[in-house]
Each structure stands twice: as C-alpha cells, then as structure tokens.
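Quick notes on the structure that follows.
The values are calculated or read from the model by the stated rules, or taken from the named source; none is laboratory data. Since this is a predicted model, take the numbers as computed values, not measurements. In this analysis, Cβ positions are derived from the backbone assuming ideal geometry, glycine residues included, and neighbour counts consider all displayed protein chains.
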Amino acid sequence: MPGTRTLAPRITVIGAGMAGSDAALAAARLGVAVDLWEQRPVRTTPAHHTDRFAELVCSNSLGGEGESNAKGLLQAEMAAAGGVVVTSAHATRVPAGGALAVDREAFSERVTREVRAHPLVTVHVGEVERVPEGIVVLASGPLTSDALATSIQELVGEGFLGFYDAAAPVIAHDSIDLDVAYRKGRYGQADDYLNLPFSREAYDRWYAAVAEARSHTPHDWEKLEFFEGCMPIEEIARRGYDTPRFGPLKPVGLEHPVTGERFFAVAQLRQEDAAGRMWSLVGFQTGLKWGDQKTVVQTIPGLEEADVVRYGVMHRNTYLCAPRLLDADLSLRTRPDVFVAGVLAGTEGYLESSATGWLAGTNAARRALGFPPAIPPEATMLGGLVRYLASAQAEGFQPMNANWGLVPVAPKGRGAPGKRERREAAYRAGRDAFGSWLEELKDAAPQIV
Ligand SMILES: Cc1cc2nc3c(=O)[nH]c(=O)nc-3n(C[C@H](O)[C@H](O)[C@H](O)COP(=O)(O)OP(=O)(O)OC[C@H]3O[C@@H](n4cnc5c(N)ncnc54)[C@H](O)[C@@H]3O)c2cc1C
C-alpha cells in the first residue's frame, strides 16, 4: 500500500560473491529485507574482472558430481535448498566429464539476475569499511578489502589468518593445434578434455622453461601456504623433475585413443565457456610473470601458437580461525548477531562458500525473525562441514572443503561393502537427512516467500 512503512526485519550482507549471493537470497526468501553490499566495480580485487555477482575467479568447476562424491552430496543438498549458486550452475553447465563445470559468464549473469530480482534485496554498490551494527553476514571472501579486513581483525583479534592462492591460464580454442591435441577423459571417462602429449624431450624443454621463468611473487615459497589443490605449477615443478608428472601432467589413463601410444607426460585443457571458445589448463595455477608465463605455455606441445586469453594469477587469501571464533550456526561466539560465510569462515571452494552462505543467510534471517539457529544434521555434508569449522583443532587450522571425512561413512572391514558402496550409502543418508531437515525448517518458519 502506498505510504505504508515496511516492517520486514533487516539484515546486512557484505559481499555478493559465492557466499553472499546465496546468503542474501536465502534471507530474503524467509521474508527478511536484505541490504546487500558489493564493492565491485567501484573497487575491485586482483582476481575479479567483472561487476557480476558470484564471479568465478579461477577454475569454472564446482567439483565432481555423483553419488560417491562428497561434493556431489553438497551439490544435492544445495539443490534441495534452492541455493542460487548450485541451481544456476545446473542451468549453465558445460561438459566436464563427471564434474559440475559452468559457462562462467552465463553462470554469474544468472546469479546476479536472480539475486537482484528479489523484491526484498536492496543492492548497494560500494566498499564497506567497517563491520556495521545489527545483524550482519560477512561474506567478503578471500580478497576482503584492506579496510574491512582491519575492522574484522579488530573484532576477532588473534583468530585472523591468511594464506596464498593461485589461478590457471585460459587459452583461446582457435589457437590450439588440434593435430596434436586429442580428446579423451582419463580412464575412459567422457571425452570432454583436450589432451596435450609430451615426449621426454618436449617435457625437458617445458621443465627448463618453468625453471627459468620469473614469478610475480617473491620466491619465499616455504613461508606461504596454498589452497589445497591450487598449488602453483612452478612450485610443483620446483619440488622435483618428476613431481608434475605425478600431478597435473600425469599421463596415466590418457594413452592416445587411436595409436594407443603412452606419453611421458600429458597436459589437459578443460572447456571454460558453453561455446567452447576458451579452455583452461587443468592444474596450471601460476603466479609467473605474464611474459614468462606465455613462454612456458607455448612450450607445451600443441600450444606453440597459444593465445592466452587470461593469465594465471596468485593472490592473498583471508580467512578466520573458525574453531576459535565460530559456532556451528556460523555466528561469531563473541558477537552472535554477526555471521560469517565462505572462505572468510574457513571453508575452501566455490561450492562450500555458497553452501555456508546459504546457511549463514538462513540463520541471520532466523535471528531477525526470533527463531533459534538451524544447523543441518550430522549426516549431511553441510552439517559435517559447519560442525568441523566450529570444533576443529584451532592450532594450525586450515580451510576445509567437502570430503567424506566430515560425515559418518560405514567403516571398512571384512564382509563390509566396498568404498564406493559405503560412500553411496552415506550420500543417500545425507541427502535424505537434509531433505527431512528442510521440511522441519519450513514448518517452523511459515513466512517463507
Ligand atoms: C585466486 C583464487 C583462485 C581460487 N580458485 C578456486 C578454484 O579454482 N576453485 C574453487 O572452488 N575455489 C577457488 N578459490 C577459493 C574460493 O572458493 C573462491 O575464492 C570463492 O569465490 C570464495 O567465495 P566467497 O563468497 O567467500 O568470496 P568471493 O566469491 O570472492 O566474494 C566476496 C565478494 O566480496 C566483495 N568484497 C570484498 N570486500 C568488500 C567490502 N569491503 N565491501 C563490499 N564488498 C566487498 C568482493 O568484491 C567479492 O565480490 C580461489 C580463490 C582465489 C583468491
């Protein structure tokens, strides 16, 4: 009615990344007004390139799918919850042989549209410099702006941590030599990857180029800690001549589909966009200077003429020591009206960030509405993850991603089913427990809109 003041309770969400997008929409869908703050494009980060929400800063994959995959369970939970990141990923997927990979442009465009379209979400463009009063979700991510990072540090004290992370180069498809590259998935999986085979001599040339290349970041590697699975290729190579051949250049299962030839090493390219115009080098996250990076890429067989459409980068990461600071509902123990989500909360990965965003937004809204906090059951991947965050060893705490160590899986033993069957049973238990829990939540919060 014109002139009527809205009485909807309000919360603030800081950051419209993977976590903040899900947090804002989850809260709004519960009938709570949301002030969503995003600094881009007024102020950007070294890894983001657009002003869109949920921009993917490195790989375009939200992890493996399927009923024996831990990320698959978290994807199923978020799909059941209607999480905007996972539903948008399903709508914009590209082929990736068993992984949920997306067309990155279409994906973030869709998330932005959905979040902006909700009538209870008000988007503010600008940097938040201090943690505001009231009910807040901090979702400013691994590259939280300096001013806000200082304010968060003042709020939480010693439990403020940081480490380094890296992104891989992306290559234009029309610059790949398709007489050399061949399509194949490892171990006979779908032929979604382009493979670049190395002879021993080619590998020697590539290895020498990596050794000579200069990095943007001081080579003080020992003092840096890396995002698990995102270690820079130059650091992998530095650890030994054969180390890349046991990592991203592993030739096993990638024999040539026509000749059957087995190669000394194989690099893989994964499709980045729906049209297949951009392909990223799998596992080639790097902080090398761009000129040197191009040289290294062009020593890979089939990429001699490669057009690098986006260079790999390496950046600071910011996160809290969750076990020291957070409860399993993702609120700060010392300030329960402040919720933390995404990488800042000590999770690792796009999917985990979005899932904790959804839970933090849900709990911030429930607090605004006077409901008790909601924590998914132990059998669920999200429940396991937030329990871990709240209760892990604080000493040496490292960010955590979805994995089977977080939920009860039947032990192996004589006569017990195999690993795959045991995981599939855990998947079904988690998915069903999450579904029942969601129903209970809806019964307790009937104003869902
Ligand atoms: C270089 C790099 C590569 C990575 N690669 C991968 C990968 O390949 N796969 C993977 O699963 N994970 C990767 N990660 C880890 C992590 O999953 C992603 O960074 C993910 O986007 C984190 O989600 P988030 O919501 O916590 O943060 P983000 O998605 O970064 O969102 C945070 C948002 O907050 C905004 N913001 C920051 N400060 C302020 C402020 N003061 N005021 C207003 N807005 C602010 C930012 O602009 C940003 O939009 C990578 C991280 C980095 C840094």
Of everything in segment 359-401, what is among the polar types (S, T, N, Q) and modelled with pLDDT under 95? Give them in sequence order.
S391, Q393, Q398, N401
Restricting to helices (runs of 4 or more DSSP H) lying wholly in segment 220-331: which have 1 or more residues that are out of contact with any Leu (no Cβ under 8 Å at 6 or more places or on another chain) and not assigned by TED's automatic domain parsing to the domain that holds M400?
233-238, 290-298
Over segment 301-326, the set of residues among the small types (G, A, S) and within 16 Å of the ligand (Cβ to nearest atom) is G312, A322
Got at least one residue in segment 12-19 being near the ligand (Cβ under 9 Å from one of its atoms), within 13 Å of L351 (Cβ to Cβ), in a helix (DSSP H, G or I) and within 16 Å of the chain's Cα centre (by Cα)?
yes
If we scan segment 176-189, do we find a residue that is small (G, A, S) and without any contact (Cβ under 8 Å) to a residue 24 or more places away in the chain?
no
Mind checking which pairs have a first residue in segment 344-355 that is assigned by TED's automatic domain parsing to the domain that holds L100 and a second that is β-branched (V, I, T) and more than 7 Å from the ligand (Cβ to nearest atom), Cβ under 6 Å, 6 or more apart or different chains?
A345/T356; T347/T356; S353/T347; S354/V85
Mind listing just one residue for me: the one in segment 373-427 that is in contact with a strand residue (DSSP E or B) (Cβ under 9 Å, 6 or more places away or on another chain) and either in a helix (DSSP H, G or I) or without any contact (Cβ under 8 Å) to a residue 24 or more places away in the chain (or both) and, of those, nearest to Q75 (Cα to Cα)?
L385
In a helix (DSSP H, G or I), away from the ligand (no atom under 16 Å from the Cβ), at pLDDT below 95 and of a type in the set (D, E, K, R) - does that describe any residue in segment 198-213?
yes
Is there a residue in segment 53-68 that is under 23 Å from V131 (Cβ atoms) and aliphatic (A, V, I, L, M)?
yes
Of (1) under 30 Å from I171 (Cα atoms); (2) assigned to a loop (DSSP other than H, G, I, E, B); (3) more than 8 Å from the ligand (Cβ to nearest atom), A8 satisfies every one except (1)
Among the residues of segment 319-378, which ones are at positive phi and more than 20 Å from the chain's Cα centre (by Cα)?
G370
Got a sec? Which of S108, S88, S59 is under 20 Å from N401 (Cα atoms) and small (G, A, S)?
S59
If you take the residues in segment 100-120 that are surrounded by fewer than 22 Cβ atoms within 10 Å (Cβ to Cβ) and within 15 Å of the ligand (Cβ to nearest atom), which one is nearest to L325 (Cα to Cα)?
R116
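Listed here are the residues, each with its yes/no results for (1) buried (at least 23 other Cβ atoms within 10 Å of the Cβ); (2) within 11 Å of the ligand (Cβ to nearest atom); (3) hydroxyl-bearing (S, T, Y).
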residue	(1), (2), (3)
A28	yes, no, no
L36	yes, yes, no
R40	no, yes, no
T44	no, yes, yes
S59	yes, yes, yes
G64	no, no, no
N69	no, no, no
R93	no, no, no
G97	no, no, no
For segment 140-192: of the residues being within 16 Å of the ligand (Cβ to nearest atom), assigned to a loop (DSSP other than H, G, I, E, B) and not small (G, A, S), which is nearest to the chain's Cα centre (by Cα)?
P142
Looking at the structure I just gave you, is G126 more than 9 Å from the ligand (Cβ to nearest atom), exposed (fewer than 15 other Cβ atoms within 10 Å of the Cβ) and of a type outside the set (D, E, K, R)?
no
